[in-house]
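What follows is a single structure, written as structure tokens, with notes after it.
The values are calculated or read from the model by the stated rules, or taken from the named source; none is laboratory data. This one's a predicted model, so the numbers in the text were calculated from it and none came from an experiment. Note that each Cβ is placed from the backbone with ideal geometry, even for glycine, and that neighbours are counted across all protein chains shown. For the accessible areas, the whole protein counts, side chains as well, though only heavy atoms, and no ligand, DNA or RNA atoms are used. Shrake-Rupley method; radii C 1.70, N 1.55, O 1.52, S 1.80 Å.
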Amino acid sequence: MSDLLGVVKNSICPEGVPVETLRGKTVLAAVSGGVDSMVMLDVLQKLSFEVGFSLCVITVNHNIRPDAETSGDAEHVVKVCAGLGIPCSLQVLRRGLVEEISAARGKGTEEAARFLRYEAFEEEARNTGAAVVCIAHNRNDRLETILQRFLQGAGVLSSFGMKKHRGIYSRPLFDVSRREIEEYAEQNGISFRTDLSNADNAYFRNRIRNSLIPFLNDIEPGWDSAVIHGAEKNMVAADDINAAKKNAAWTFDCGASGETAGKLSDVKPSGKTKGGATSGATLCKGKLSGGELSCKKSGCATLWMNAAVFDTCPFTARIALLYDGLTLLKCPKRIPYSMLASFSGGAGKVSGAGIKMERKSKKVFMSVVDDCSGENEESGFYVFVTHPGRYIIGNVDVTIRAAAENAGNLSFNLIPGKNPSAENRSVYVAETDEGCVSGVFKLPCVIRSGSSADAFRTPVGERKLLSKIFSDWHVPAEIRWKIPVFEDSENRGVWGSLYGYEDWFVKPEA
């Protein structure tokens, strides 16, 4: 690509917005010291002279590599900017902060570093009044992101990977390959640093870059263009989903008064909005509708929506609305898709991973269980099952289905000879993807964590405490909360085989 300046000139602004709109404004470049961002810096400086915008730089030292390495990258950027006369802001993160954020959010160090890096970008953009923040992601980065999200099971709304423009962010090298960037660096004498951690395949993204992509290049030339075209189709589908849910509104209500206006785009990962107002689980008595929300008072961890509006949205839009709710409630844990699918499919109540969703009083509710940022998983789970389908039970995906003809061989060892007949279609079982099957029960049924005070029928009609059953099975105290208890209108059962123990089910009468 011979005219990289022309490419950046045509891509720094969204389609239809002329680059001349940046004249007299400030452009902030996020520069790490690597070849991509150093080439972007060189091209942006040339473009600033041509267009007439002010250029400034931010570089972030994450302090997750050895001091000489990570400080060397930052110092290189500062030195180059000083030589070019470009203002440069150096942001140094406290060593250990990335690891702390990673643990708090329940995600990897790469995600935590990105989380903190973008917080720094947004703060610097406010301080400088930048109209655009340029990121040096290129075509290779785009492919890596698409593959990473595919392998992580991303849905349509995020499977397309990066966008060339998102809010104030622009990726002017979006369609430029890394090979073309490296050629430009060589031809123009661009100095840059090499991040040695890019060769470390302990990181998932590095394994994609260093192992998977070369393999795909060998076995299927041209795969990259096909993947990008597929991602672009998914982006169109995502736009359709967002349009389908634009009339749905989440409302925060914790009984507080006082309202202020804001936008979903103002909600930052830190839980702060532009201007410093707190967001996420601290929002209350406000609405999110088509990207709009209001109210930012503390103490709220519940939101609701009109159930009729929610249920008339297409299934994919209902899933998207639940993801919007999770974003606003600010729970850092990754919520299993099957849990959202169960609720979107009509389940009356689904809970787990710090979130509870339920339908009641013609409304759909989503709330944080205890404190989301420090949730104790041993607080348990509670799922109300009204119909067959996919559910998340604690941390396990299960299918609720009608009991097969051989259901009597599953778990009814307590009352021999009294198993349901083949004609009895009113009983159901839960089955994991690995084939572990529960005893039978009737619907509706509650599946929950047990309490030591729960009592169960014995074969002779007596009652036995769950604590005694667990003691007889020698179940360690730390996993007892994980073993599901089934409770229908007539009976209770214990699905011990899910964790390698016996089952305790009694036959529901037809």
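What the table shows:
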quantity: Nearest-0.05 FRET efficiency for Ser451 and Glu502, computed from C-beta distance (R0 22 Å); calculated: 0.70
quantity: Neighbourhood net charge (14 Å Cβ-Cβ; Lys/Arg +1, Asp/Glu -1) for Gly435; calculated: -3
quantity: Long-range HN-HN contacts of Val92 with modeled amide H, under 5 Å; calculated: Asn61
quantity: Long pairs among Lys25/Lys79; Lys362/Lys442; Lys349/Lys468; Lys349/Lys464; Lys46/Lys79, criterion Cα-Cα beyond 20 Å; calculated: Lys25/Lys79; Lys362/Lys442; Lys349/Lys468; Lys349/Lys464
quantity: Amide hydrogen neighbours beyond the local backbone of Gly348, cut-off 5 Å, H modeled; calculated: Thr386
quantity: Rounded percent of accessible protein surface that carbon and sulfur make up, region 183-244, 1.4 Å probe; calculated: 52 percent
quantity: Chain lengthening between Glu182 and Val92 when straightened (0.36 nm per residue, less Cα-Cα); calculated: 29.6 nm
quantity: Projected label distance in nm at Tyr203 and Ala104, using a 7 Å step from Cα toward the beta-carbon; calculated: 2.2 nm
quantity: Region 486-500 - phi-based ³J(HN,Hα) in whole Hz, Karplus 6.51/-1.76/1.60, Gly and Pro as x; calculated: 9, 9, 9, 5, 10, 9, 10, x, 10, 8, x, 5, 4, 10, x
quantity: Region 68-126 versus region 138-181: alpha-carbon centroid distance in Å; calculated: 20 Å
quantity: Greater than 20 Å apart at Cα, pairs in Lys9/Lys163; Lys164/Lys233; Lys330/Lys360; calculated: Lys330/Lys360
quantity: Residue-normalised accessible area of region 1-144, expressed per residue, 1.4 Å probe, Å²; calculated: 43 Å²
quantity: Carbon and sulfur %, accessible surface of region 446-496 computed with the full protein complex present, 1.4 Å; calculated: 49 percent
